[in-house]
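**Q** If you scroll down you'll find the structure; I have some questions about it.
The values are calculated or read from the model by the stated rules, or taken from the named source; none is laboratory data. Here the structure is a predicted model, which means the values were calculated and not measured. Neighbour counts are summed over all protein chains in view; Cβ atoms, including those assigned to glycine, are modelled from backbone coordinates with ideal geometry. Calculation scope for accessible area: heavy atoms of the full protein, side chains included, ligands and nucleic acids excluded. Shrake-Rupley method; radii C 1.70, N 1.55, O 1.52, S 1.80 Å.
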Amino acid sequence: PFPSSTNKATAEAEAAYTALVAEIDRRRTQGWAPLRAALDLLPFGRDNLREEALLGKAWALTMQDKQAEADQLLAELTGGASTGRAAQAAHLLRARKFIRDEQDQAAVAQLELLLDGEPLPPHKFEAAYLLGEVKRQQGHPAQAIEAYRLVTDDKKAFPKNLLAGAWLGQGQAHHAQAQFDEALAAFEKATRWPTTTRCPVYLIHTETTPM
């Protein structure tokens, strides 16, 4: 798990990730055989280890309001050909920034780009939920429902508070279209989960197992 979001903790995290990236680059450049062999044994490979470190550093910078520096790292992670976990999480981090800055169209473009790449389940569900939220708030309820259903139609969707939020948003989108029976059904399904409040969406997903 990532450290708490206090300035001290995130500053320490930034320093640690910076050191890790530098060490990976130094030893990879020097062709140090033991490190190269050890990294090749990891399931995600040595290049993805660097991406994970860059993502962690971007998260730490974001939490310290060093957004310009974080944006440079996120652009590096999302601008290449990588489709790994770190790159997918970077797309989500950028989308959340756009939403926070009320740059809805940029957020939509980022989320749709991620979803077009068939992301891993945690990132797929979060991206779909966020896309539904933005579309609903833009006044496009039909498009919002289509996005929410990427979560609600999947029996393996998790975490459950995100599923509850997707059902709640879907109900609100149906209500906006005067589809009251569908809205009621969606609201009832939202109440099956632990919370029906607007669910928190994670900046960074750690490995989790569906409940």
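**Q** Leaving ligands, DNA and RNA out of it, rank Glu52, Glu188 by accessible area with a 1.4 Å probe, largest first.
**A** Working: Glu52 55, Glu188 105 Å².
Highest to lowest solvent-accessible surface, that is Glu188, Glu52.
**Q** Treat every Asp and Glu Cβ in the range 106-172 as -1 and every Lys and Arg Cβ as +1, leave all other atoms uncharged, and give the resulting dipole magnitude about the Cα centre to the nearest 20 debye.
**A** Working: 7 positive and 8 negative charges, 51 e Å.
Its charge dipole is roughly 240 debye.
**Q** Next question, about the same structure. Go through Thr78, Thr18, Thr83 and list them by solvent-accessible area, largest first, probe radius 1.4 Å.
**A** On the way: Thr78 25, Thr18 55, Thr83 100 Å².
Solvent-accessible surface, decreasing: Thr83, Thr18, Thr78.
**Q** If we sort 133-146, 93-106 on the protection proxy, mean other Cβ atoms within 10 Å, highest first, what's the order?
**A** Values: 133-146: 18.4, 93-106: 16.6.
Packing proxy ranking, top to bottom: 133-146, 93-106.
**Q** Right, something else. Output the pairs from Lys124/Lys189; Lys66/Lys156; Lys135/Lys155; Lys57/Lys155 with a Cα-Cα distance over 32 Å in this structure; if there are none, say none. The partial results should precede the final answer.
**A** Working: Lys124/Lys189 21 Å; Lys66/Lys156 36 Å; Lys135/Lys155 23 Å; Lys57/Lys155 34 Å.
Beyond 32 Å: Lys66/Lys156; Lys57/Lys155.
**Q** Please list Leu55, Leu73 from largest to smallest accessible area, probe radius 1.4 Å, with all protein chains kept in place. Can you show the working numbers first?
**A** On the way: Leu55 0, Leu73 25 Å².
Putting Leu55, Leu73 in descending order of accessible area: Leu73, Leu55.
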